[in-house]
Ligand code: KPL
């Protein structure tokens with residue numbers, strides 16, 4: 001299968017590297033990472049060991065592939081969509097944080113699938129990423145139900161040796177993932193804790209409450225996510241990635257813009273529209289935005 005990975009940061013490079021063991025993969029990212037991959041190939045180490053030679057571009061416009069995976073930061077989704085709209089893809093699948101798929105749908109003719117990837121990935125240096133946790137990929141139709149396109153994407157991941165589930169309940173899984181991000185990302189960035197201690201320590205109450213609020217918002221928009229399932233998902237992911245740093249903590253520690261709007265904005269905007277309270281997500285979001293503002297990042 002021809003696959004384009006738009007957004008070759010840590011996770012995009014890892015997923016692209018795994019797929020390149022079997023498929024024809026093009027990564028789209030930034031120099032010097034792309035340049036080094038063109039010169040020396042991509043090295044994946046840690047819990048997976050691979051050396052592969054995907055194509056590596058800095059301009060993702062006017063390309064064609066069976067599948068485009070979108071792995072940019074959520075705030076770069078519109079730029080990704082504009083670039084992908086100049087190309088031809090049978091299916092486009094987001095593996096991003098936040099509820100970004102609707103923006104892809106608005107910009108693209110291709111079938112847009114929803115997806116999640118629970119791999120831990122860390123960028124080490126140009127041309128090299130470390131897998132800090134072997135996870136799994138879930139892919140399915142954005143509005144749920146069976147999808148031949150999702151089945152083909154699932155078969156492609158499987159052929160590359162990646163554990164994959166083709167799910168018919170992506171609406172609930174998307175909000176479950178949002179609850180996990182709301183539970184872990186802000187509290188871990190503010191408390192400067194790894195994912196496991198975030199849930200086990202004093203910030204654990206905030207994390208669980210943020211997950212409950214996300215579940216309440218999901219139900220308000222017609223997605224049946226019980227509080228208990230959202231809390232259990234946060235606890236499970238924090239346990240599975242206990243020693244890892246969340247992406248928001250990494251962003252804060254590296255002085256970079258965060259995905260606060262895609263996570264806490266997504267919850268609070270929907271809460272306001274549907275008249276349900278989300279005070280914890282509002283507070284955590286405001287604190288992270290306050291930090292961004294103080295650094296001139298917004
Ligand atoms: O997606 C994540 C992130 O860090 O953005 C979690 C699931 C919290 C794993 O760290």
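Throughout, read-outs are computed from the coordinates displayed, never taken from laboratory work. Computed from a prediction, not measured in an experiment: that's the story for all the values here. Note: ideal-geometry Cβ built from the backbone for every residue, glycine included; neighbour counts use all protein chains shown.
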Legend entry - Single residue of 296, 290, 275 found to be more than 16 Å from the chain's Cα centre (by Cα) and either under 17 Å from residue 191 (Cα atoms) or surrounded by 14 or more Cβ atoms within 10 Å (Cβ to Cβ) (or both): 290
Legend entry - helices (runs of 4 or more DSSP H) contained entirely in segment 105-219, each with at least 3 residues that are touching a strand residue (DSSP E or B) at 6+ places or on another chain (Cβ under 7 Å): 148-159, 170-191
Inset, instruction - Just name the residue that is surrounded by the fewest Cβ atoms within 10 Å (Cβ to Cβ) out of those in segment 30-52 that are part of a loop (DSSP other than H, G, I, E, B) and touching a strand residue (DSSP E or B) at 6+ places or on another chain (Cβ under 7 Å). - result: 47
Legend entry - Hits in segment 227-255 - residues which are part of a loop (DSSP other than H, G, I, E, B) and either more than 13 Å from the ligand (Cβ to nearest atom) or out of contact with any helix residue (DSSP H, G or I) (no Cβ under 9 Å at 6 or more places or on another chain) (or both): 254, 255
Inset, instruction - Report whether or not residue 150 is buried (at least 21 other Cβ atoms within 10 Å of the Cβ), away from the ligand (no atom under 14 Å from the Cβ) and closer than 30 Å to residue 51 by Cα. - result: yes
